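Notes follow the structure.
The values are calculated or read from the model by the stated rules, or taken from the named source; none is laboratory data. None of the values given here were measured: they were computed from a predicted structure. Cβ: placed from backbone, ideal geometry, glycine included. Neighbour counts: every protein chain shown. Areas reflect the complete protein model, heavy atoms only, side chains present, ligands, DNA and RNA absent. Shrake-Rupley method; radii C 1.70, N 1.55, O 1.52, S 1.80 Å.
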Amino acid sequence: MTPDSKLKTRKIQNVIILGSGVMGSQIAAHCVNAGLKVRLLDLKSDDPHRPDKVAEESIQKLVKMNPPPLALSEWSDRIVTGNFEDHLEWIADADWVCEVIVERMDIKKEMMAKIEKVRRQGTIVSSNTSGLPISLISEDLSDEFKAHFLGTHFFNPPRYMKLLEIIPTVSTDADVVKYMARFCEKILGKGVVLCKDTPNFIANRIGVFSMASMMPWFFEGEFRAEEIDFLTGTLTGYSKAATFRTADMAGLDVLNNVAENLYPAVPNDERREIFKLHDTFKKMVESGAHGNKKGHGFYRKVKGEKGIDYHVVNPESLEYKPQQEVKFESAEKAKKEFKSSGERLKYLVNRDDKAGKFLWEIHCDLLLYAANRIPEITESAEAIDRAMQWGFNWELGPFQRWDAIGVKDSVKRMEEEGRTVPDSVKEMIKSGRQSFYMEDGSIYNLASGKVEQLSPPAEGAVTVAALRRNNSEIWGNKSAGLYDMGDGVALFEFRTRQQTLGFELVQSVDKAAEIVKREFDAMVIGHDNENFSYGANLTEAGHVLLRGDFGKIKEAVENFQRVAVGLRYQPFPVIGAVSGRCFGGGVEFMMHCDKVVAHHELYCGLVELGVGLIPAGGGTKELLLRLMARVKEEEDADPLPYLKDAFKTIGMAKVSDSAQQARKIGYLRETDMIVMHRDLLLAIAKQQARAMADSEYRPPVEPKIKLLGKTGKSVLDVMVYNMTEARWVSPYDKVLAGKVAEIMTGGDLSEPQEVPESYVLKLEREAILECFKDERTHKRMEHILKTGKPLRN
C-alpha cells in the first residue's frame with residue numbers, strides 16, 4: 001500500500017451502502033447509530049417523481065421494524081437515499097462502500113466493475129455476503145482495488161447481533177484488514193472474527209451443520225421439536241432460541257439455500273452428506289413454511305384463550321399441533337443439581353437415557369466436525385467459539401463444550417465407539433494438557449500444536465476475568481469485589497445473581513470507598529455481565545417483611561439511599577460502566593455516578609411502581625432535578641411540562657430501548673458517554689476516571705431543586721385522574737402515583753420554592769416506608785417473585 005492511500009483509510013466517516021433490502025437498510029441504520037454519515041442506494045424506481053422510491057420505502061419499513069434498528073426512530077432522516085443510475089458518483093467521496101445487493105455472483109461482479117469506475121484510490125470496499133467466495137467477486141478488478149477489498153458478513157439483525165465476520169482475500173492489504181477490524185470493533189461495536197475465504201466462513205458452516213445434524217432426530221420421529229429445543233437451549237449452553245426456533249428466526253428458506261450451496265462447495269468435507277437436508281424439510285420450504293417472516297416454520301404463532309401460543313409442526317402430517325409438556329427426568333435433575341450449563345451438559349451426556357444418548361450423539365457430531373475444520377476455515381478454536389457465541393448466541397462454543405464434557409474421557413469413549421478423532425486433539429492430550437482453555441488465560445492451538453494466550457474480545461479491552469487471573473483483587477466477598485485496574489483506578493464489581501443490590505452489596509460500597517480513599521484516585525463501578533443490575537434484591541426484602549422486622553426495612557431503605565446518593569459526594573470520581581438491563585436501584589446507582597460510560601444497548605428504567613414501591617434511592621429526586629435543570633437552560637420556559645415528563649417517566653415505568661433514548665428521557669446526561677462495543681466499557685470508563693482524577697476532581701455541593709408545591713400537585717392529580725379513567729393504571733398504581741406526585745411537588749409546600757436535595761430525599765424515604773407497610777405492596781412483591789410478572793392490583 002502506498003503512503004498516500006494509507007492516509008485515506010485513517011478515519012471512516014462517509015459510508016455508502018449499496019442495496020436497501022432487509023440487511024442493507026439495517027446496516028445503514030447501525031452506521032447512523034455509530035455517528036457515521038450514511039447514503040443508501042438501490043435500484044432506480046420507474047416512478048419519474050420518486051426515482052429513489054426503492055430506498056425511501058426501505059427506510060419507511062426500517063422505522064416500523066421491531067426490535068428497532070435505529071437508536072432513535074427520528075434518526076431515519078439522517079440516511080440520504082439515492083439510486084444506482086443517478087448517484088453512483090457519490091462513491092468518489094466515500095471512505096467505505098459496503099455492497100449488500102442480491103446474493104448472486106454475476107450481479108455482484110457487475111456492481112464491483114461499476115464501483116471501480118467511480119471509486120477513488122484508497123477507498124475501502126466490502127461485499128456483504130453469507131457465503132459467496134470473496135476472491136471470485138473481486139477477481140476481475142485492479143490490484144489496487146483488490147488491496148482495499150474484503151468480505152463483511154453482518155448477522156441479522158445487525159444492531160443487535162454482535163458477530164461480524166471479516167473475510168480478507170490473499171490480495172487484501174494487511175493494513176486494510178487491521179484497520180477494518182479495529183474500526184468495526186470500536187466504531188460499530190462488533191465482535192470481529194477474521195475468517196478464511198472458505199464456503200460460508202465460520203459461523204454458518206458450523207451452525208448449519210449443527211442444525212442439520214439434529215433434523216433427522218425430529219423428522220424420523222425420535223423427538224418432538226419442542227423436546228429438541230428444550231435439550232439444546234439454555235439447559236446445555238445453547239441460545240434461548242435453541243435450535244428450531246433459531247431456524248425459524250433465520251428463515252427456513254435461507255437455511256435450505258445455505259445447505260444447498262454448501263454441498264457442492266465442500267467436496268472434501270467428511271460430513272458433506274449432512275448438508276443434504278431431509279426431504280420433509282424441503283417440502284416445508286416448498287409449501288411456504290419459511291419461519292417467522294411467513295408466520296410459520298417449525299412453530300406457528302396462534303391466538304389462544306390465554307394469549308399468544310406457539311403450536312409445533314408434526315413431521316408426518318405437516319400440520320400444527322399444540323406443544324406437549326417436555327419431561328426428561330435426567331434433565332430435571334441436572335437443572336436442580338447444577339448451576340452452570342457446562343456442568344449440566346457433562347452430567348447429561350453421561351446419562352444412559354433417551355436425552356443423554358441424543359445429547360452425546362449430537363455433540364460427537366459437533367465437536368469432531370469443528371475440530372476437523374481447523375485449519376481449513378480458521379487456525380483458531382477461539383475464533384470458532386466466538387463465532388458461535390456472537391453469531392448464534394450460544395453460551396458455550398464447541399471447544400468450550402468439549403472442555404465442559406471432559407476432553408480426555410470423551411475422546412476415549414468416542415474411539416471406543418469407533419469414531420475417528422482428529423490427530424490434533426489426541427496430540428493435545430498426549431502433551432499432558434487436559435483442556436483447550438485453561439484458567440491461566442491460555443488456549444491450545446490445534447493448527448500449530450502450541451499453547452497461546454487468549455486474545456481480548458476487543459483490542460484494548462479490560463475484563464474482570466483478566467483482572468482476576470492477574471490476581472488484581474484487593475478485597476471481596478460473595479456480593480462484591482474490588483480490583484486494581486492500574487493507574488490509580490479501582491473497579492467495584494457486583495457479584496450477586498442478576499447483579500441485584502442486596503444488603504451485603506450496599507454495605508460493601510462503604511467498605512470499598514474506604515479502601516479507594518486510602519489507596520486509589522478514582523473508582524469504576526462495573527463488571528463483565530451483560531446486564532448492569534436488576535435493582536434491589538426483592539427476595540431479601542420479602543423475607544424481612546415476612547419476619548415482620550420493619551426496623552430492618554427502615555435501616556435498609558436509609559442505607560440504600562445514603563450509599564446510592566453518596567456516590568456523587570465521594571472525595572474521588574466515580575464512573576459507572578453500564579450496559580444491558582438496568583432497573584430500579586441499578587438506575588439510581590448509575591444516575592449518581594459522576595459520569596456514566598454506557599453501552600449503546602442500554603435498557604434502563606425506574607420501574608419500582610410495578611412491585612408496589614417508589615424510587616427512593618434518590619431516583620425520584622434525581623430525575624426531577626435533571627428535568628427541572630432544563631428549565632434554567634431555556635429562558636422563560638414553563639416548568640410544568642418538565643415536571644409532567646418526570647412524573648410520567650416514573651408513573652409509567654418508562655424503559656429506554658437504547659442509550660440514546662435513555663439520554664432523551666433523562667436517565668443519562670449529555671456529558672455521559674455512549675460506547676458501541678460492550679467489551680470496551682471498562683477500559684473507557686477507566687480512562688474517564690483517570691482523566692477526572694487528573695483534573696483535580698472535587699465533589700459537588702448539595703444542589704437545590706425548585707418544587708412547584710400545590711400548583712404542580714394539582715396538575716399531576718389531573719394526570720393521575722386521566723390515566724385512571726383511561727384504565728392505564730390500576731387502583732394501587734393510582735395510590736403509588738400519588739406518592740410520587742407528593743415527592744415531586746414538595747409534600748406540604750403551598751407555593752413554588754427551592755429546597756435542598758435532602759428535603760426531597762426525606763420525602764422519598766417516608767413514601768417508600770409507607771409502601772412497605774401496605775399489604776398491596778406485599779402482594780405485588782410476592783407475585784413478581786413467584787411468577788416473574790407484575791401484579792396490577
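Below is a table of values for the structure above.
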quantity: Computed label-point distance, nm, for sites Glu417 and Arg698 using a 7 Å Cα→Cβ extension; calculated: 7.1
quantity: Total charge dipole magnitude, the chain, about the Cα centre, Cβ charges on Lys, Arg, Asp, Glu only, Debye to nearest 20; calculated: 1240
quantity: Placed amide H near Ile474: partners under 5 Å, 5+ positions off or other chain; calculated: Leu482, Tyr483, Asp484
quantity: Set of lysines near Lys178 by C-alpha distance (under 17 Å), chain-local residues within fewer than 8 positions excluded; calculated: Lys6, Lys8, Lys11, Lys146, Lys186, Lys190, Lys196
quantity: Helix 731-745 vs. the chain, principal-axis angle (Cα, 0 to 90°, nearest 10); calculated: 70
quantity: Accessible area of the stretch 613-729 divided out per residue, in Å², using a probe of 1.4 angstrom; calculated: 47
quantity: Cβ-Cβ FRET estimate between Ala113 and Lys734, R0 fixed at 56 Å, reported to 0.05; calculated: 0.25
quantity: J(HN,Hα) series, the stretch 486-496, from Karplus relation 6.51 cos²θ - 1.76 cosθ + 1.60, nearest Hz, glycine and proline x; calculated: x, 6, x, 10, 9, 10, 9, 10, 7, 10, 6
quantity: From phi via Karplus (6.51, -1.76, 1.60), per-residue ³J(HN,Hα) for the stretch 110-115 in Hz, x at Gly/Pro; calculated: 4, 5, 4, 4, 5, 4
quantity: 222 nm mean residue ellipticity, helices alone, for the chain (DSSP H n ≥ 4; -39,500 (n - 2.57); rounded to 500); calculated: -14000 deg cm²/dmol
quantity: FRET efficiency, 1/(1 + (r/R0)^6) with R0 41 Å, evaluated for Lys293 and Thr711 via beta carbons; calculated: 0.20
quantity: Portion, in percent, of the accessible area of the stretch 347-415 that falls on carbon or sulfur, probe 1.4 Å; calculated: 43
quantity: Charge-dipole axis of the chain as Lys and Arg at +1 and Asp and Glu at -1 on Cβ define it, positive-most pick from Trp90, Met249, Asn722; calculated: Asn722
quantity: Reach of Lys632 by Cα under 15 Å, taken over aspartates and glutamates that are not fewer than 8 positions away in the same chain; calculated: Glu754
quantity: Relative contact order (percent, whole number), the chain, Cα cutoff 8 Å, 6+ residue spacing; calculated: 8
quantity: Pairs from Lys517/Lys554; Lys240/Lys283; Lys64/Lys713 whose Cα-Cα separation, in the structure shown, is over 32 Å; calculated: Lys64/Lys713
quantity: Residues whose placed amide H lies under 5 Å from that of Gly233, excluding near-sequence neighbours; calculated: Tyr238
quantity: Accessible surface ranking that places the most exposed of Trp96, Trp390, Trp90 first, with a 1.4 angstrom probe; calculated: Trp90, Trp390, Trp96
quantity: For the chain, cysteines whose Cβ has no other cysteine Cβ within reach (under 4.7 Å); calculated: Cys31, Cys98, Cys184, Cys195, Cys364, Cys593, Cys771
quantity: Largest-first ordering by accessible area, 1.4 Å probe, given options Arg626, Arg468; calculated: Arg468, Arg626
quantity: Aspartates and glutamates whose Cα lies under 15 Å from that of Lys61, excluding same-chain neighbours fewer than 8 positions away; calculated: Asp42, Asp52, Glu74, Asp77
quantity: Solvent-accessible ranking of Glu325, Glu696, largest area first, probe 1.4 Å; calculated: Glu325, Glu696
quantity: Filter on Lys357/Lys450; Lys704/Lys739; Lys335/Lys478; Lys276/Lys327; Lys595/Lys773; Lys648/Lys786 - keep pairs with C-alpha separation over 26 Å; calculated: Lys357/Lys450; Lys276/Lys327; Lys595/Lys773; Lys648/Lys786
quantity: Rounded percent of accessible protein surface that carbon and sulfur make up, the stretch 23-171, 1.4 Å probe; calculated: 50
quantity: Alpha-carbon centroids, the stretch 608-649 and the stretch 208-223: separation in whole Å; calculated: 54
quantity: Positive-end extreme of charge dipole, the chain - chosen from Phe550, Gly151, Gly526 (charges on Cβ); calculated: Phe550
quantity: The stretch 142-246: chymotrypsin sites (Phe, Trp or Tyr not before Pro) in DSSP loop, at most 16 other beta carbons within 10 Å; calculated: Tyr160
quantity: Inter-centroid distance (Cα atoms) of the stretch 390-444 relative to the stretch 55-108, Å; calculated: 43
quantity: Distance in nm between pseudo-label sites at Leu43 and Lys554 (7 Å out along the Cβ direction from Cα); calculated: 7.4
quantity: Filtered trypsin sites (Lys or Arg not before Pro), the stretch 261-318: DSSP coil and at most 11 other beta carbons within 10 Å; calculated: Lys306
quantity: Vicinal HN-Hα couplings computed from phi for the stretch 772-782 (Karplus, 6.51 cos²θ - 1.76 cosθ + 1.60; Hz; Gly/Pro x); calculated: 5, 7, 8, 4, 5, 5, 4, 5, 5, 5, 4
quantity: Pairwise FRET efficiency - Glu220 versus Trp75, Cβ, R0 = 51 Å, nearest 0.05; calculated: 0.55
quantity: On Cα atoms only, tilt of 252-265 relative to the major axis of the chain in degrees; calculated: 40
